[in-house]
1. How much accessible surface area, in Å² rounded to 10, belongs to the heavy atoms of D:Arg54 with a 1.4 Å probe?
2. So how far, in whole Å, is the C-alpha centre of region A:127-157 from the one of region C:115-171?
3. Between region D:1-18 and region A:47-80, how many Å separate their Cα centres?
4. Based solely on C-alpha atoms, express the radius of gyration and the Dmax of region C:4-185 in angstrom.
5. Using the Cα centre as the reference, give the magnitude of the dipole from point charges on the C-beta atoms of region D:66-154 (Lys, Arg: +1; Asp, Glu: -1; all else neutral), rounded to the nearest 20 debye.
6. Based on the Kirkwood radius over alpha-carbon pairs, what is the Stokes-Einstein translational diffusion coefficient of region A:1-109 at 10 °C with 1.306 mPa s viscosity, in µm²/s?
7. Do you know the relative contact order of region A:4-185, to the nearest whole percent, from alpha carbon pairs under 8 angstrom that are 6+ apart?
8. If you place +1 on the Cβ of every Lys and Arg, -1 on the Cβ of every Asp and Glu, and leave all else neutral, what size is the dipole of chain A about its Cα centre, to the nearest 20 Debye?
Number of protein chains: 4
Amino acid sequence: MISDDEFITHKDVPGPTKEEIRCLVMCKSKVSPEDIVVDICCGTGGLTLEFAKRSRLVYAVDKNLDALNTTEKNLKKHKLDKKVQLIHSDALEALRNIETFDILMIGGSGGDLPLLIEEGYQKLTQNGKIIVTSILLETPVEAVQTMKKLQMDIDIVDVSISKGRVMKRGTMMLARNPITIVTGKKN
Amino acid sequence: MISDDEFITHKDVPGPTKEEIRCLVMCKSKVSPEDIVVDICCGTGGLTLEFAKRSRLVYAVDKNLDALNTTEKNLKKHKLDKKVQLIHSDALEALRNIETFDILMIGGSGGDLPLLIEEGYQKLTQNGKIIVTSILLETPVEAVQTMKKLQMDIDIVDVSISKGRVMKRGTMMLARNPITIVTGKKN
Amino acid sequence: MISDDEFITHKDVPGPTKEEIRCLVMCKSKVSPEDIVVDICCGTGGLTLEFAKRSRLVYAVDKNLDALNTTEKNLKKHKLDKKVQLIHSDALEALRNIETFDILMIGGSGGDLPLLIEEGYQKLTQNGKIIVTSILLETPVEAVQTMKKLQMDIDIVDVSISKGRVMKRGTMMLARNPITIVTGKKN
Amino acid sequence: MISDDEFITHKDVPGPTKEEIRCLVMCKSKVSPEDIVVDICCGTGGLTLEFAKRSRLVYAVDKNLDALNTTEKNLKKHKLDKKVQLIHSDALEALRNIETFDILMIGGSGGDLPLLIEEGYQKLTQNGKIIVTSILLETPVEAVQTMKKLQMDIDIVDVSISKGRVMKRGTMMLARNPITIVTGKKN
């Protein structure tokens, strides 16, 4: 994994997704070098870069131009820009314009989550994965309900990580916000 | 419990201990109206005030004068100052000058934890409790080791709490740092 | 709090709610000696007994007769049976037959959660509380949505507790399932 | 990652290390195809197999013969046995007989953790990693203290994972025991 502090950040762009969560998302996605990935709401580009290192092509989508610019800077910094196509667009519209893909990563949905999952499902290759990450209470419930309807295989993990800071007087454990990762596999 | 936002705070004083942790400490202490309590490292006074509401007398100890002043302000705000004696002193020295008590609360130790527990144990009434809270990795281990040697009954809980913030787009779950509460009972 | 192991249990009845969760629910409820409490889905009686110790009257409701019998045994064991009225009934029907109350505790809903909250809200005194606990992902979302509609003040905490088991080779930390506690206050 | 249920297990052998923890350990180790790995206390072989897929050679050490046999069965099942050398021995003795390695994984120590880390450190290549995982409260403290003395770069994460079980009435979140992963890098 790329270290959290190796990412260029922007004050109006969330992310990067923390190292440990990027790690778990890569494992859950089972991404392979032939895969095409769509990364919705790419933000700082944390997941975009990790997918770029491990797949054939990534479409990184965000409607926030600052996010796309930040992702681009990070891609160039890590010489991964040739693997990624940046799309400045609404998520649903972007999905409609991409033909097919093996992994759909949804890090944010702007309220359209069930629609995004349903639309994505249509274009997903067999055994393809849809991954939804969230710190909202509502998002995993919506994801599970929609994936259930689509009869996907569903894996749900709620991850709480505390990170130790070694100080003179001891090791302080600092909590990160819990993240729920919902992964649906198309059968 | 007093709400977190009802405490007067000070920039150089840690605390108050969050509502949920105060609640659990009160339960673990089984404090009753006849009890004498010593609160080491009282900080903002979060636990001091809760103990004051439920016990006969609390000795609140801190070597940081700002902490004692902040605790005093909070006691007066909640009309609990008559139940509490403030002691501006090193923890170990303070313990040596108090005759006996039913509950010893240690929220910070300045590196003297085993000594504090051993000294406190001598002055603790039968069935009395020593409670150690910490966000450091090392402190609960030291507490357990010392309490084991003293053949106390030991209860250990590690508590991770996330608090929901209701927003328009959903309920964001914000993590608090994990706290370990070690409770030893004198047999 | 009553220790977890002081409860009589029954193989077909869930519970008792663990000590730390009972403790947090008591704090969140701000129960006082004049209060009337309704405990929906009382199970083993863990929360019923704690409320009984701190309130005027508790209606304990369950449609599982084994649950009511187990709760009754525990009430008698702890000499709290005079404070509690046992109701063998569907939750919604029970609510309709009780005139008014200060605290509505919902530990299970059989799929009727929004209805239960709405019905309960009507009968709740001003500043009264509805508390929903759950280990399901969906329940807190439903609770928050319904309480939002009713313009209640909402407090949400997700609690993950690990309990230490002191062994010769060290202290093993054993996780309890995470519980979300949603508390709504009627304004 | 190999799924948890694809491992052959044995009633007297702990493991396999859960998928998500294996995933995080692989990330923290930054294992590469040229690396030599030592896996102390290999148990069921969960981490052994993952390292075997990603490195040049793994020494899997356990003093429990059932563990080694179970690891061997799993290696054969997944056709990874040619990458692994099984060593039936005390951990410290095994370390003394291996010349050099890039990654030392310690999943159990039998009380010798500081010695194991110190001995391992001597044989570790530059930028090599020592990784200690534990569910004991004491182990991460010992690991951090020893790695501090050796002036290693230390990363500490405490990971609490709940796994969702999709049922008819909702998604039940079931907690796994928290695991602390301490990673030291030799400078």
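The values are calculated or read from the model by the stated rules, or taken from the named source; none is laboratory data. This is a predicted model, so every value here is computed, not measured. Ideal geometry is used to build each Cβ from the backbone, glycine not excepted, and the neighbour counts take in all protein chains shown. With ligands, DNA and RNA removed, areas are computed over all heavy atoms of the protein, side chains included. Shrake-Rupley method; radii C 1.70, N 1.55, O 1.52, S 1.80 Å.
1. For D:Arg54, solvent-accessible area is about 70 Å².
2. Cα centroid of region A:127-157 versus Cα centroid of region C:115-171: 23 Å apart.
3. First find each Cα centre; the distance between them is then 36 Å.
4. Rg and Dmax of region C:4-185, Cα atoms, are 16.1, 56 Å.
5. Values: 11 positive and 13 negative charges, 104 e Å.
Around 500 debye, computed over region D:66-154.
6. On the way: Rh = 13.4 Å.
Value of D from the Cα-based Kirkwood radius: 119 µm²/s.
7. Numbers: 363 pairs, mean separation 32.1, N = 182.
Result for region A:4-185 is 18 percent.
8. On the way: 27 positive and 26 negative charges, 157 e Å.
Dipole about the Cα centre, nearest 20: 760 debye.
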